[in-house]
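The structure under discussion appears below in the form of structure tokens.
The values are calculated or read from the model by the stated rules, or taken from the named source; none is laboratory data. Everything quoted here is computed from the prediction, not taken from an experiment. Backbone-built Cβ (ideal geometry, glycine too); neighbour counts: all protein chains shown. Quick note on the areas: whole protein, heavy atoms, side chains included, nothing else; ligands and nucleic acids left out. Shrake-Rupley method; radii C 1.70, N 1.55, O 1.52, S 1.80 Å.
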Amino acid sequence: MATPTDLAGLGFQPDPTIAEPIYLQLATALSDAIRVGRIVIGARLPSERRYAQALGVSRTTVTAAYQELRALGLLRGYVGRGAIVIANDPDRAPAEAIPWSQLASRFARRASPTSAGGHSGLISFGDGWLHPSLTPRAALAAGAARIVQDSDALTKAAPLRGLPALHDALIDTLRMNGVKTSPGEILITGGAQQGLNVIARAFISPGDAVVCENPTWHGAVRAFRAAGAEVVGVAMDHEGVDPDALEESLARLRPKFIYLIPSFQCPTGRLMGLQRRRRILEICARYRTPIVESHVYGDLAFGEKVPSLKSLDSTGLVIHQGSASKNVSAALRLGWLVAPRLAMDLLATAKASLDLSTPALTQAVLAGFLKSGAYARHQPKVREALRARRDALIAALAGHCPDLRYASPQGGLYLWAQLPKLISGHEVEAAAAAEGVSVRGGNSFLTDDATSSHIRLCYAAPALDEILAGAQRLGKALRTALKRHRGSVALGSAFASV
Ligand SMILES: Cc1ncc(COP(=O)(O)O)c(C=O)c1O
């Protein structure tokens, strides 16, 4: 390896009298020297320890200066092993001065990024949120205005398990849904998504199996896999997870727990009936396997509600999960877990390692919203609005996408549509984006690498008057994908006959 460049001739003198920190002074001197060619590309800089001694500064100063140069793309190397000059112009430095992709964890290498939020100009059936017009903005604004007058709310962190006022409000709300609980059994989380990570951290060790529906919410799969779980999907029918297949997987894999979304499942929108729920509880009780029940869509039934697994559970098998994202506002980033006390102690320990507690301000806003009766008044309106959107979407699909096959969802946000033969969800997602409408290809929800022939359409995300235009655009995208296929099938057979 080349001997380190002698930087004595650089004449750098730290100037403690100016406001700029010494590491930045050094970084500037070095980058100037690199820019003008006094330090050439390929030169090895002295080790941080030796250079620090020579300059009479601390080693961390030199480390921080080198880090600046690395961030500019001028240096490559690792702390303690010297560093090589790899470019002389930050604007033309190689894009990946740090080999970030090689540093990625096993989880990060496997997961693809999730888009957060909408794409401007697109009509969105892709995002799983309520359109802003479905959010109770006035009631939330009034509550938030009151809360910011309260000095405690503005200055004190919430307790680890959540704000007592929110516990009380949730206990009342849950009781109306047949779930009897107490403050010692509730944990407030940063959205349901954090709840899934809390569960993963509390219960999963690398190599443990977790069983879920296939397809399912990919955020859950990612959270469990990040903790090292082997996630295994079980086939579904029109009512959700197939009980026989589930039992077979419990016997074979002995999973740590199963994860189910019995009401208005993401992505299929399916609703598990009462008999099926009882059967699943009976099977899990026999195998002594806990159930993580996601109830994040459970309050959005257009007809009569089916009782949650938690409300039917007499043996303490179920960890129940709720969220404010899907029926109040995603901006609150609030979710909750309801679990037997012993499980809750583990969950609280895991939560403490993630963020100590959930923001007190949004908790106070939601507590006020629930307690004031605004939630009870708002829910029927959201359900009605969602039902109207579902009807508008189905009417528009009948007119513009006659090749799609689907069941009419009885609640929640999603319609799961089967595509004509040979077309994949992935292709339609891309073709739809090109037409100015976003949909979610089914692949992202699969627990394996199979190809999905479905798309998920969220009728809650667009404005009501965008639904027809969205379906028209989708129809055009489907025709394009079909034509491409017919072309390649024709081409394929032409080749075959040669
Ligand atoms: C089943 C399920 N759980 C959790 C989430 C994330 O919810 P939150 O916004 O509360 O983190 C989603 C989002 O689509 C979901 O479908």
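Some notes on this structure:
- Where a residue in the range 210-230 is free of Cβ contacts under 8 Å to residues at least 60 places away in the same chain and farther than 15 Å from L446 by Cβ and its partner, wherever it lies, is part of a helix (DSSP H, G or I) and near the ligand (Cβ under 9 Å from one of its atoms), with Cβ under 6 Å and at least six apart: A223/L196
- Filter result (touching a Lys or Arg at 6+ places or on another chain (Cβ under 9 Å), small (G, A, S) and either open to solvent by 80 Å² or more (accessible area, probe 1.4 Å) or under 14 Å from V85 (Cβ atoms) (or both)) within the range 1-51: A2
- Among all residues of the range 317-336, there is none that is in a loop (DSSP other than H, G, I, E, B), of a type in the set (S, T, Y), more than 16 Å from the ligand (Cβ to nearest atom) and in contact with a helix residue (DSSP H, G or I) (Cβ under 7 Å, 6 or more places away or on another chain).
- Of all residues in the range 288-305 being within 28 Å of Q194 (Cβ to Cβ) and more than 16 Å from the ligand (Cβ to nearest atom), the one that is surrounded by the most Cβ atoms within 10 Å (Cβ to Cβ): P290
- Residues within the range 221-233 that are away from the ligand (no atom under 12 Å from the Cβ) and either closer than 24 Å to L354 by Cα or surrounded by 24 or more Cβ atoms within 10 Å (Cβ to Cβ) (or both), tallied: 8
- Restricting attention to the range 209-220 and to residues that are open to solvent by less than 30 Å² (accessible area, probe 1.4 Å) and assigned to a loop (DSSP other than H, G, I, E, B), the residue that is nearest to S353 (Cα to Cα) turns out to be T216.
- Candidate set: the range 402-428, residues that are in contact (Cβ under 8 Å) with a residue 40 or more places away in the chain and charged (D, E, K, R); chosen: the one most open to solvent (accessible area, probe 1.4 Å): D403
- Qualifying position, being of a type in the set (A, V, I, L, M, F, W, C), surrounded by fewer than 23 Cβ atoms within 10 Å (Cβ to Cβ) and under 22 Å from I171 (Cβ atoms), among A395, A374, A324: A374
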